[in-house]
Amino acid sequence: MRPVTRSAEIPREDSPTSATLDTFKDLGVPPDLIKGLEELGILTPTEIQGLAIPFLMVNGGDLIAQAQTGTGKTAAFGLPMLTKVDPKSKEVQGLVVAPTRELAKQIGKQLFRYTKYSTKIFVEVVGGGDSFDRQAAALQRPTQIVVGTPGRILDLIRRKALNLSSVRHLVLDEADEMLSMGFKKELKQIIYLARDRRSTWLFSATFPDAIEELIKGSMSPDPHSLKVDASHVVNRDIEHRYATCGRGDKTDFVAGFLKQQKEKRGLIFCRTKAGAMKLGQQLTTLGLSVGVLQGDLVQKERDKVMRAFKKERLQFLIATDVAARGIDVEGLAFVIHHQLPDQIEYYTHRSGRTARAGKKGVSIVLIESKERRRLEKIEEELGLTFTQL
């Protein structure tokens, strides 16, 4: 793919869209992949799948799509990619770049599940925190698709364990997350090293200016854009609530709420590491089943907490915005924002951890009385209505 000099258009305007095709067969998905989807209980396309899959199946060119976490975007790009790679070729033809190791693993697992009844396509997941040597050795086997984090992908390239010259389709998943985590330089390197690709598919919940800078010169002048109305940026299955309480009363509020949840599970977001650790200690002292994810944890400790939460040995998880990136846990009933996020787009990512796969969920914001205007700004920008708890 030859680099271009004109900037691609970022979808910004409100433009309501809806899928007009009701089944995966209508979208052009092959029967063998549909059989794999049906075994997973995936029967009806989500909005982003209904919009993206027909274009990617037939045209397959550059795509910019707005889709928040939990909307089924893995299938939106994964199913078309699985139909476009040649299982007889031993070379890497598809590359999916994700912000975190956890998300990369989730994507890899889904791609594997989709192909249960298909010609075998080999997918390797590469990310920090796992054995570099094991990943390098695995890539010596025939591999058609690689899913990985920016840093580990480049490490493997530098040590001659991975080559992107045969990549034809590049996916940047949760592009805004990767940029906010400081991966702009790494992403530009990966885009350059995969310069012979035929297409770039970019998925992002929000579209900060940094995304326009990233794709300038790396996508065609007029990529296919899926514009999503601002009112669809946040999952419509989420109920948005707020409670006004003083700073010193928040722990009592959270503890009282959690004690009423019976078997329900959820996430509590704190803005700082110190705040997350303090709240975790307080709630644990009160007898609640709580784990804490914060940026100072080494990978082994992080894995231990996440494993306990996913296996439901912990009922609740406290996390900072940075530490929570890539968390993908099914069945979370609620999200609590102990403090308002620093940036409005973080609200999208936080609240998107609940109400996944068509289920309902609630997002609760704790505010001090002086923060009411900030809450109204979130309402205005995201097209939401918060009701008092």
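Nothing in this text is a laboratory measurement; each read-out follows from the coordinates by a stated rule. This is a predicted model, so every value here is computed, not measured. Neighbour counts run over all protein chains shown; Cβ positions are idealised from the backbone, glycine included.
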Item checked: For region 24-229, diffusion coefficient by Stokes-Einstein and Kirkwood Rh (Cα), 10 °C, 1.306 mPa s, µm²/s -> 94 µm²/s
Check: Relative to the Cα centre, what is the charge dipole magnitude of region 238-388, using +1 at the beta carbon of each Lys and Arg, -1 at the beta carbon of each Asp and Glu, and rounding to the nearest 20 debye?
Finding: 480 debye
Item checked: Within a Gaussian network of the chain (alpha carbon springs, distance under 10 Å), most fluctuating of Leu63, Leu162, Leu286 -> Leu286
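What's the long-distance tail for region 184-331, i.e. % of Cα pairs beyond 18 Å?
Taking all Cα-Cα pairs of region 184-331, the fraction more than 18 Å apart is 69 percent.
Could you grab the relative contact order for region 238-388? Cα pairs under 8 Å, six or more apart, rounded to a whole percent.
Worked out over region 238-388, it gives 36 percent.
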Item checked: Coil-residue trypsin sites (Lys or Arg not before Pro) of region 123-160, DSSP, other Cβ within 10 Å capped at 13 -> Arg159, Lys160
Next item on the list: Given the options Ser369, Ser180, Ser225, state which has the largest fluctuation in a GNM of the chain using a 10 Å cut-off (strictly under) for Cα springs.
Entry: Ser369
Notebook entry, point to check: Ranking Thr71, Thr272 by Cβ neighbours within 10 Å, fewest first, what do you get?
Noted result: Thr272, Thr71
Next item on the list: Sort out for me the Cα centre separation of region 107-122 from region 48-88, rounded to whole Å.
Entry: 15 Å
Margin query: Pairs of alpha-carbon atoms within less than 8 angstrom and 6+ residues apart define the contacts here; what relative contact order does region 24-229 have, in percent?
Written below: 27 percent
Notebook entry, point to check: If you place +1 on the Cβ of every Lys and Arg, -1 on the Cβ of every Asp and Glu, and leave all else neutral, what size is the dipole of the chain about its Cα centre, to the nearest 20 Debye?
Noted result: 1340 debye
Checklist line | For the chain: relative contact order, % (alpha-carbon pairs under 8 angstrom, 6 or more apart) | finding: 21 percent
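Please label the shape of region 230-289 as rounded, prolate or oblate, based on the square roots a ≥ b ≥ c of the eigenvalues of the alpha-carbon gyration tensor (a/c under 1.5 means rounded; beyond that, a/b larger than b/c means prolate, else oblate).
Prolate.
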Note to self: Full-extension gain between Val58 and Ser131, please, as 0.36 nm times their residue separation minus the C-alpha to C-alpha distance.
What the structure shows: 22.5 nm
Item checked: Nitroxide proxy distance, nm - points 7 Å out along Cα→Cβ at Thr272 and Glu376 -> 2.8 nm
Checklist line | Per-residue Cβ neighbour rank within 10 angstrom, fewest leading, Ser165, Ser289, Ser199 | finding: Ser165, Ser289, Ser199
Checklist line | Over 26 Å (Cα to Cα) - which of Lys35/Lys88; Lys216/Lys359; Lys250/Lys370; Lys88/Lys116; Lys109/Lys360; Lys278/Lys359 fall in this group | finding: Lys216/Lys359; Lys278/Lys359
Note to self: Regarding the chain, what's the average projected area of the Cα-atom convex hull, expressed in nm²?
What the structure shows: 18.5 nm²
Notebook entry, point to check: Is region 61-148 rounded, prolate or oblate when judged by the Cα gyration tensor, a ≥ b ≥ c being the square roots of its eigenvalues, rounded requiring a/c under 1.5 and prolate requiring a/b larger than b/c?
Noted result: oblate
Check: If you put +1 on each Lys and Arg Cβ and -1 on each Asp and Glu Cβ, how big is the dipole of region 24-229 around its Cα centre, in Debye rounded to 20?
Finding: 880 debye
